[in-house]
Amino acid sequence: MTRLLKPLFLIFGLALFIWALRKVDLSQVGDLLLEIGPGLLAVILAFGPVTWFDTLSWKYAFKPEEAKTIHSFAIWRIRNIGEAFNAITPLGTMGGEPIKAHLLKEKYGLTYKQGVASQVVARTTLTVSLILFMIPGIVFLFMDNGISETFKISSLTGMITFSILIFLFLLFQVTGTLSRIVHGFNRLFPTQTPKPSLEHWVALCGMMSGYYRQHRGLFLKSIAFGFLGWVAGVGELYLTLFFLGIPVGFKELWIIESLLQLVRAGSFFIPLSLGAQEGGLILIFTSLGMAGPLGLAVSFVRRIRELVWIALGLLLGWGTSFKPSKVQLEPEE
């Protein structure tokens, strides 16, 4: 099924991308990109704080006994390696997660379940912080009388839907419902799920629910640093528009960044949100009364930044030796 869906998602993204290119005057986009000049380097570097806050958010998704063996810079390096593989593999946002878990095991002695549990928790806290980040964006959106009511309602509906899904996913983890679902699936289809696989799933769910029950302070810290990462993205957007020669106010910056991240979250199944990001930015900019070519130019700048950071992640991965650690915090079953 995955082999069938991924090419279809990619084709869908390419269709959106072509639509975005046909929607605007590409000569204006080219003129804007020439305007940015050396400012492109500043935009690329501005993504550094975003990755660092994301790293700290992941750090607090580990239990204390796990995190004490890993320095923050090591987590940053593993994060960038994994995200690079997320971008280039056919599995999309899931391709780099096994790489992260493998590096945590081989370099720092964490088991695969510990590595995977920390990543699921980190993804959850990051999306919770995204919801908190989007709330001011939606408020600013409704405060602007020049934006159509249809666009406002559509944006609010998208955020509410996304928030409900994330809340349910968090609730399943906290209450251990995921374990019960696995048990129920095994009872309905006893021949479909081997018992060792079931035991691994149950153990993994138990580790995640234990984290939420026992380490609420770490959970809140993870959310806080995730939120700072999204705010840092507003700074990157400001620099992008500044070097493109288009100054934009604080409220508009927050609206654009929050809605863009909502579009990317909703198009997670498309590799790199190809087409969705371009079309989304054109729609967002035009809805805010700005030029469509400007939205596409911002997207292209972000694509260049993505490529540079993907290259950095691959370079870090190439320079990382996979030597087993003698530390083992939990035996593998």
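Tabulated data for the structure shown
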| item | result |
| --- | --- |
| Folded to 0 to 90 degrees: helix 149-175 orientation relative to the chain principal axis, Cα | 10 degrees |
| 29 Å Cα-Cα threshold exceeded, pairs from K68/K113; K100/K221; K23/K100; K105/K221; K100/K251 | K23/K100; K100/K251 |
| Burial ranking of peptide ranges 7-15, 289-297 (average Cβ count within 10 Å, highest at the top) | 289-297, 7-15 |
| Sorted by Cβ density within 10 Å, fewest first, the residues I282, I18 | I18, I282 |
| Exposure proxy ranking, count of Cβ atoms within 10 Å, fewest first, for V202, V128 | V202, V128 |
| Stokes-Einstein translational diffusion, segment 16-160 - Kirkwood Rh over all Cα pairs, 1.567 mPa s, 4 °C, in µm²/s | 70 µm²/s |
| Order by protection proxy (mean Cβ within 10 Å, highest first), peptides 224-233, 167-176 | 224-233, 167-176 |
| Those trypsin sites (Lys or Arg not before Pro) in segment 1-73 that DSSP places in a loop and that have at most 16 other beta carbons within 10 Å | K68 |
| Peptides ranked, highest mean first, by Cβ atoms within 10 Å: ranges 261-274, 108-121 | 108-121, 261-274 |
| Cα centroid of segment 91-152 to Cα centroid of segment 58-80, whole Å | 16 Å |
| Net dipole in debye of the chain [+1 Lys, Arg Cβ; -1 Asp, Glu Cβ; about Cα centre; nearest 20] | 960 debye |
| Residues of segment 262-287 with amide N under 14 Å of a point placed 7 Å along Cα→Cβ from L26 | none |
| Highest-MSF residue in the chain out of S222, S299, S27 [GNM, Cα springs under 10 Å] | S27 |
| Lys/Arg +1, Asp/Glu -1 at C-beta; segment 1-159 dipole; positive extreme among P49, Q28, P7 | P7 |
| Degrees between helix 39-59 axis and first principal axis of the chain (Cα, 0 to 90, nearest 10) | 30 degrees |
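Laboratory data are not the source of any read-out in this text; all were calculated from the coordinates shown. Not measured: the values here are computed from a predicted model. When we count neighbours, we look across all protein chains shown, and the Cβ atoms used for this are built from the backbone with ideal geometry, even at glycine.
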